[in-house]
Amino acid sequence: MFRKVLHLALAALCVVAFATLAAGPAAAEWPEKPIQILIPWPAPNDPSTLVATAIAPVMSEKLGVPVKVVNKPGGGAVLGAAELANARPDGYTIGLISIGPMITQVLRGKTPYQNQDLQPLGLVWSSPFTLAARADAPYSNLQELAEYGKEHDLRLAHWGLGAVPTLIAMKVAQQGGFEWKETAYQKLNPLLVVQGDADVITFSTPGLTDYVESGKMKILAAMLPGRLPKYPDVPTVEEQGFGDAYSIWFGAFVPKDTDKAIVDKLSAAFFSAMEDPKVQEVIANTGVVAHPTGPEEARARMDRELGEFGAVMKDLGITK
């Protein structure tokens, strides 16, 4: 009996040793075939597609294998994110996924995957969203907005309660001690504010530029980790003390069981490619704001936002 148990134990050790040896060379030899960057949005004029297309040849040169961009749109990016979550964890498929399908859609139960099914290489950039008002509004920052909102109705124009910029605006109201009189618009436009149909709007910087530069609107806060490159005098939501460094971020992800050595190589190649001058030019032209982070910082942010946005969504009746 003892001899049989000993043989079984030795056999188990051999299996573990073989698996360890097999895993080592696999990571060491990676990559051996083309790598795919999956984009869960349609290609035309999509900033992530444009930037990834610039990154791909630089990554290819660094890694020694072809790197191609593949668009898999559908379901508000959930279909592409689900495909990435179900891909082989071999380092040959990475994806650029945003906060929506990674945080808010997961919280709403709209995804066939969980947040932990994807592991981040890091966050890469954000869309430059803001809170903006008419130029003649009696408030120019979030503190003044909050004081005004405690005594007056403030009409917020937004895309919908589940949209991330709206949730950030709701978090601002919570911090400031006031409530929005909010209206969702299928076709959101800064003219709603200019013409007096709304007092404040959640909108991206490129769509506001003409109105700001013509003196019709002003930006109250940037929904970014750092300041807007085009408007460096506008402080962020965090700087004004109205929440975390919230943003409409995009991150680079791989399936959860991808070998750490491969994750490290992929992350290094991706973020090194982002520093290439030609890629930097494309980033500037698309209007996204780069703020690369490492995997640990990205995971910590996601865990924090799952809790904070989850609480806001519950208060709004979006989730139970």
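The set of residues from segment 104-130 being in a loop (DSSP other than H, G, I, E, B) and farther than 18 Å from residue 224 by Cβ comprises 108, 109, 110, 111, 112, 113, 114.
Of the residues 308, 281, which single one is exposed (fewer than 12 other Cβ atoms within 10 Å of the Cβ) and charged (D, E, K, R)?
Numbers: 308 fails: exposed (fewer than 12 other Cβ atoms within 10 Å of the Cβ).
Result of the check over 308, 281: 281.
So which residues in segment 71-103 are small (Gly, Ala, Ser), closer than 23 Å to residue 310 by Cα and outside any helix (DSSP H, G or I), if there are any at all? Once the filter is applied, which keeps residues that are small (Gly, Ala, Ser), closer than 23 Å to residue 310 by Cα and outside any helix (DSSP H, G or I), segment 71-103 yields only 98.
Would you please name the residue that is farthest from residue 135 (Cα to Cα), looking only at residues in segment 170-196 that are in contact with a strand residue (DSSP E or B) (Cβ under 7 Å, 6 or more places away or on another chain), without any contact (Cβ under 8 Å) to a residue 60 or more places away in the chain and not in a strand (DSSP E or B)? Top of the filtered list is 185. Determine whether residue 300 is part of a helix (DSSP H, G or I) and more than 21 Å from residue 176 (Cα to Cα). Taking the combined requirement at face value, the residue satisfies it.
Could you go through segment 252-273 and let me know if any residue there is farther than 25 Å from residue 93 by Cα and either crowded, with 18+ Cβ neighbours inside 10 Å or of a type in the set (S, T, N, Q) (or both). Step through it out loud before you land on a result.
Here is the first cut: in segment 252-273, the residues farther than 25 Å from residue 93 by Cα are none.
For segment 252-273, residues farther than 25 Å from residue 93 by Cα and either crowded, with 18+ Cβ neighbours inside 10 Å or of a type in the set (S, T, N, Q) (or both): absent.
Within segment 280-288, identify whether any single residue is charged (D, E, K, R) and part of a loop (DSSP other than H, G, I, E, B), and answer yes or no. Taking every residue of segment 280-288 in turn, none turns out to be charged (D, E, K, R) and part of a loop (DSSP other than H, G, I, E, B).
When you check residue 145 against the structure, is it in a helix (DSSP H, G or I) and touching a residue at least 24 places away in the same chain (Cβ under 8 Å), yes or no?
Numbers: in a helix (DSSP H, G or I): yes; touching a residue at least 24 places away in the same chain (Cβ under 8 Å): yes.
Yes.
Residue count for segment 213-243 satisfying the condition of being farther than 20 Å from residue 170 by Cα, outside any loop (DSSP other than H, G, I, E, B) and touching a residue at least 60 places away in the same chain (Cβ under 8 Å): 1.
Of the residues making up segment 244-254, those that are in a loop (DSSP other than H, G, I, E, B) and of a type outside the set (Phe, Trp, Tyr) are 244, 245, 247.
Here residue 208 meets each of (1) farther than 23 Å from residue 173 by Cβ; (2) crowded, with 22+ Cβ neighbours inside 10 Å; (3) outside the structural domain of residue 122 (by TED's automatic domain parsing); (4) not polar (S, T, N, Q) with one exception, condition (1).
When you scan segment 221-239, how many residues do you find that are crowded, with 22+ Cβ neighbours inside 10 Å and either within 18 Å of residue 137 (Cα to Cα) or more than 22 Å from the chain's Cα centre (by Cα) (or both)? Here the count works out to 3. Could you list all residues from segment 32-66 that are among the charged types (D, E, K, R), over 20 Å from the mean Cα position of the chain (by Cα) and in a loop (DSSP other than H, G, I, E, B)? Listed by number, the residues that qualify are 32, 33. Cβ-Cβ contacts under 6 Å between residues 6 or more apart (or on different chains), taken from a first residue in segment 289-304 that is more than 22 Å from residue 171 (Cα to Cα) to a second residue that is in a helix (DSSP H, G or I), are listed as 290/283; 292/271.
Is there a residue being within 29 Å of the chain's Cα centre (by Cα), of a type outside the set (D, E, K, R) and either assigned to a helix (DSSP H, G or I) or modelled with pLDDT of 95 or more (or both) anywhere in segment 7-28? Can you show your working first?
So in segment 7-28, the residues within 29 Å of the chain's Cα centre (by Cα) come out as 27.
Retained after the next criterion (residues that are of a type outside the set (D, E, K, R)): 27.
From the residues that got through so far, the ones that are either assigned to a helix (DSSP H, G or I) or modelled with pLDDT of 95 or more (or both) too are 27.
Yes, segment 7-28 contains a residue that is within 29 Å of the chain's Cα centre (by Cα), of a type outside the set (D, E, K, R) and either assigned to a helix (DSSP H, G or I) or modelled with pLDDT of 95 or more (or both).
Among the residues of segment 86-96, is any closer than 17 Å to residue 250 by Cβ, touching a Gly at 6+ places or on another chain (Cβ under 9 Å) and touching a residue at least 40 places away in the same chain (Cβ under 8 Å)? Taking every residue of segment 86-96 in turn, at least one turns out to be closer than 17 Å to residue 250 by Cβ, touching a Gly at 6+ places or on another chain (Cβ under 9 Å) and touching a residue at least 40 places away in the same chain (Cβ under 8 Å).
Filtered by the rule that a residue be modelled with pLDDT of 95 or more and either exposed (fewer than 15 other Cβ atoms within 10 Å of the Cβ) or outside the structural domain of residue 207 (by TED's automatic domain parsing) (or both), segment 145-178 gives 150, 151, 152, 153, 177.
The values are calculated or read from the model by the stated rules, or taken from the named source; none is laboratory data. These numbers come from a predicted model, not from an experiment. A quick note on method: Cβ atoms are made from the backbone with ideal geometry, for glycine too, and the neighbour counts reach across all protein chains shown.
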